[in-house]
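Inspection log for the structure reproduced underneath, given as structure tokens.
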Amino acid sequence: MTDNMPRSIQSGPDLSAARIARRNRSERWFRQLGILAIGSALLMLAVLMTSITSKGYSAFWQTQIAINVNFASSDVLPTEKVNFRGLARRSIRALFPDVKSRRDKRALYKLFSNGIGYELRDAIQRDPSLLGQSKRIWVKASADTDMLVKGFIERAVKQSDRRLSDKQLTWFDRLEKDGRIAKRFNLTFFTQADSREPEQAGILGALIGSILTLSVTLLLVFPVGVAAAIYLEEFAPKNRWSDVIEVNINNLAAVPSIVFGLLGLAVLLNWVGLPRSTPIAGGVVLALMTLPTIIISSRSALKAVPPSIREAAIGMGASPLQTVSHHVLPLAMPGMMTGAIIGMAQALGETAPLLMIGMVAFIVDVPGGFTDAATVLPVQIFLWADAPERAFVEKTSAAIMVLVAFLIAMNLFAILMRKKFERRW
Amino acid sequence: MKNEMNELCSVEGAEYFEVEDRAPLAEVKLFARDVGVKYGENEALKNVSIDFMEHQVISLIGPSGCGKSTFLRCLNRMNDTIEGCRVTGEIRLDGKDIYSKATDPVEIRARIGMVFQKPNPFPKSIYENICYGPRIHGMANSKADYDDIVEWSLTSAGLWDEVKDRLNEPGTGLSGGQQQRLCIARAIAVHPEVILMDEPCSALDPIATAKIEELIDELRERFTITIVTHSMQQAARISQSTAFFHLGELVEEGKTDDIFTKPGDERTEAYITGRIG
Ligand SMILES: Nc1ncnc2c1ncn2[C@@H]1O[C@H](COP(=O)(O)OP(=O)(O)OP(=O)(O)O)[C@@H](O)[C@H]1O
Ligand SMILES: [Mg+2]
């Protein structure tokens, strides 16, 4: 036996110190490389997040100005008929009796949001007991005033180069001295849709639009994607056709997203006749876009289920469908959900295909349903990033923060669901 | 060696005839003619013809890789699930061709149970492992029925005492041998007509093996049993017929007694005396 044993076997493993040192060195080296990679990724993420947060956090605060409003009953009833804007202007003028010329008055109004008439109306509708009283009310400042308070308007700059004139600055200083200026939490940002006026623009419309759109996408893509994956993986015969389908699905996953937008425009809007700019149209387009991703990830989740489980079930006399639904699917579910969440995250951040079906429109109402015109978070970010006003800069970053928070919430939900479904053995 | 074998078999033989008395009208339960299997281009089995009599245990023996498992898997159409596997020839269960278009393979597998070579419990509780078959075949109506099924099956497989206090723990958490017995319990819980066992005792200690052999002997009254084994002694102890496979061929098949005392083929003799294999 030992006679014909090759010499290389007889000499046994090479356990020399040099060899071991070399092995340990490459091990260490690889580990450090890994730590370096993770470290740099985390660093970049941190830089990104700090830059966005530092630019965006100020958008969560808004400058407000206190004015005295006389809600004399003849003035404010019935609320539909009343000129609240006039009431607001009268109240503003009352603060500055010395401002006489029309030009100056107009400049004075510019310190305030041009929507304060609505604010007064809302105030009296909320609290009818104000009727007949004279009351100090906090109203929104204009975006320019807000920028001044937040330090984005330099007083040292030449008057013609800044958005507020010297006169406006003195009025502002007077208001501030009287304690009529305050920075308050910007509720508007979370309760309103888009607006031309930065101080009146909010993220809620886009957020609801995103939620509605993603619901359509998820409802369409998850059942269809999972069913397709199950069919392809568990039932379809493996032949040339299934290879062709597989290659096509992989190709589809790599198609640029704007192509799906063009498809949506041509087919969904022009042919099927879905309404433009709506969550339903956007949801279908995004569903088409994420379908390949979902199918591919669901298939790999199914592939990861050991074949012996299938054999055991089939051997017990379970039908193929019973085998899949009782044994394979529960085991593959966590993996499928991870895939679905990745697909949804991809859909959440998608802009290009939605531009093609008109979701880039400027929409001032919070959408109330799947067929209302809507926009979505990334498109809102795109719109605000494109807006010329300085005040939209912070809003853009704040919208990004909302988008990221939404993403994190989605991922947390996915992790929770996965924990719930995951088998402990 | 040979003498020892003779002794073993003569004892077995006596029992065998007793059985004949018990079941005088033994009928052909499973009938295989000219069965051949190809995995792609590789011919794993050719021209196998065996009759499986009712209420008998038949052992399939032969060296590793000779096609025993392959043949076993033909009998309940498990080979359908393997890509590129083609089965030729004819197999009949109670006279009905199991490979005909009209036959439902799911029904065949419900009637012909199987214990696999590698234990494969479901990743569910021990209780659920046993109940799964009865549940999908609509065999029980109440929790009490299921409890009875679980207790009987596990007791028969010699596992009850070990697991009765942890029926809700995962079946995959058992030891290899326990898992194998769980799989046996799972298979008999649906009361199949034929049970195919692929080396059910390969992972078991002598005591558990003895229990399983006892079980097989009892089950013979109700079921027809086919067992693949690498232990000649086991084949001699528990089976009435033995089939010897070699390189994808059925070399010979007959009463266990005859195979071990006067093998008709020299390859059989060489194998049972330990010269090949
Ligand atoms: N799924 C498969 N695909 C391709 N070839 C296979 C497959 N299963 C078995 N074979 C081949 O068929 C032949 C018989 O295998 P089989 O598993 O039936 O042997 P066996 O007699 O059960 O062996 P053992 O005693 O080791 O279990 C072997 O040559 C094997 O390589
Ligand atoms: Mg085998």
Tally of residues being part of a loop (DSSP other than H, G, I, E, B), within 16 Å of ligand 2 (Cβ to nearest atom) and within 14 Å of chain A (Cβ to nearest Cβ) across the range B:23-81: 1
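For residues in the range B:166-179 being in contact with a Ser or Thr (Cβ under 8 Å, 6 or more places away or on another chain) and in a helix (DSSP H, G or I), which is nearest to the other protein chains (Cβ to nearest Cβ)? Please lay out each step first, then the result.
Initial filter on the range B:166-179 (in contact with a Ser or Thr (Cβ under 8 Å, 6 or more places away or on another chain)): B:167-171, B:179.
Those left that are additionally in a helix (DSSP H, G or I): B:171, B:179.
On the way: B:GLY171: 9, B:GLN179: 11 Å.
The extreme case among them is B:GLY171.
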Within the range B:195-236, residues within 20 Å of B:ARG73 (Cβ to Cβ), away from chain A (no Cβ under 14 Å) and away from ligand 1 (no atom under 14 Å from the Cβ) come out as B:ILE216, B:PHE223, B:THR224, B:ILE225
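Counting only residues that are under 30 Å from A:LEU407 (Cβ atoms) and either outside any helix (DSSP H, G or I) or in contact with a strand residue (DSSP E or B) (Cβ under 9 Å, 6 or more places away or on another chain) (or both), how many does the range A:1-49 have? Outline the logic, then answer.
If we filter the range A:1-49 for residues that are under 30 Å from A:LEU407 (Cβ atoms), which is where we start, we get A:33-49.
Now drop any that are not either outside any helix (DSSP H, G or I) or in contact with a strand residue (DSSP E or B) (Cβ under 9 Å, 6 or more places away or on another chain) (or both), which leaves none.
Residues flagged as under 30 Å from A:LEU407 (Cβ atoms) and either outside any helix (DSSP H, G or I) or in contact with a strand residue (DSSP E or B) (Cβ under 9 Å, 6 or more places away or on another chain) (or both) within the range A:1-49 amount to 0.
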Given the conditions (1) open to solvent by 10 Å² or more (accessible area, probe 1.4 Å); (2) away from ligand 1 (no atom under 16 Å from the Cβ); (3) touching a Gly at 6+ places or on another chain (Cβ under 9 Å); (4) not in a helix (DSSP H, G or I), every one holds for B:PRO192 apart from (1)
Suppose we filter the range B:46-73 for residues that are over 18 Å from B:ILE272 (Cβ atoms), among the polar types (S, T, N, Q), more than 7 Å from ligand 1 (Cβ to nearest atom) and crowded, with 19+ Cβ neighbours inside 10 Å; how many remain? 1
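Considering A:LYS183, A:LYS238, which residue is at pLDDT below 90 and basic (Lys, Arg)? Steps first, answer last, please.
Numbers: A:LYS183 fails: at pLDDT below 90.
It is A:LYS238.
Within the range B:82-97, is there a residue that is within 15 Å of ligand 2 (Cβ to nearest atom), within 14 Å of another protein chain (Cβ to nearest Cβ) and not basic (Lys, Arg)? Full working, then the answer.
Taking the range B:82-97 as the starting set, the residues that turn out to be within 15 Å of ligand 2 (Cβ to nearest atom) are B:82, B:85.
If we keep only those that are within 14 Å of another protein chain (Cβ to nearest Cβ) as well, we get B:82, B:85.
Restricting the remaining residues to those that are not basic (Lys, Arg) gives B:82, B:85.
There is at least one residue in the range B:82-97 that is within 15 Å of ligand 2 (Cβ to nearest atom), within 14 Å of another protein chain (Cβ to nearest Cβ) and not basic (Lys, Arg).
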Checked B:ILE212, B:ILE225 against criteria (outside any helix (DSSP H, G or I) and within 15 Å of the chain's Cα centre (by Cα)); the one match is B:ILE225
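How many of the residues making up the range A:311-330 are at the interface with another protein chain (Cβ under 7 Å from one of its Cβ atoms) and either over 29 Å from A:THR293 (Cα atoms) or open to solvent by 10 Å² or more (accessible area, probe 1.4 Å) (or both)?
Within the range A:311-330, the subset at the interface with another protein chain (Cβ under 7 Å from one of its Cβ atoms) is A:311-312, A:314-319, A:322, A:327.
In the following step, the residues that additionally are either over 29 Å from A:THR293 (Cα atoms) or open to solvent by 10 Å² or more (accessible area, probe 1.4 Å) (or both) were identified as A:311-312, A:314-319, A:322.
Qualifying residue count for the region: 9.
In the range A:6-62, what count of residues is obtained for those that are within 30 Å of A:ALA399 (Cβ to Cβ) and either open to solvent by 100 Å² or more (accessible area, probe 1.4 Å) or of a type outside the set (A, V, I, L, M) (or both)?
Result for the range A:6-62: 17.
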Quick check: anything in the range B:84-99 crowded, with 21+ Cβ neighbours inside 10 Å, in a strand (DSSP E or B) and within 10 Å of ligand 1 (Cβ to nearest atom)? no
Quick test for you: out of B:ALA102, B:ALA110, pick the one residue that is away from ligand 2 (no atom under 16 Å from the Cβ), not acidic (Asp, Glu) and not in a helix (DSSP H, G or I). B:ALA102
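The values are calculated or read from the model by the stated rules, or taken from the named source; none is laboratory data. Since this is a predicted model, take the numbers as computed values, not measurements. As a convention, Cβ positions derive from the backbone with ideal geometry for all residues, glycine included, and neighbour counts pool all protein chains shown. Just so you know, the surface numbers come from the protein's heavy atoms only, side chains and all, with ligands and any DNA or RNA stripped out. Shrake-Rupley method; radii C 1.70, N 1.55, O 1.52, S 1.80 Å.
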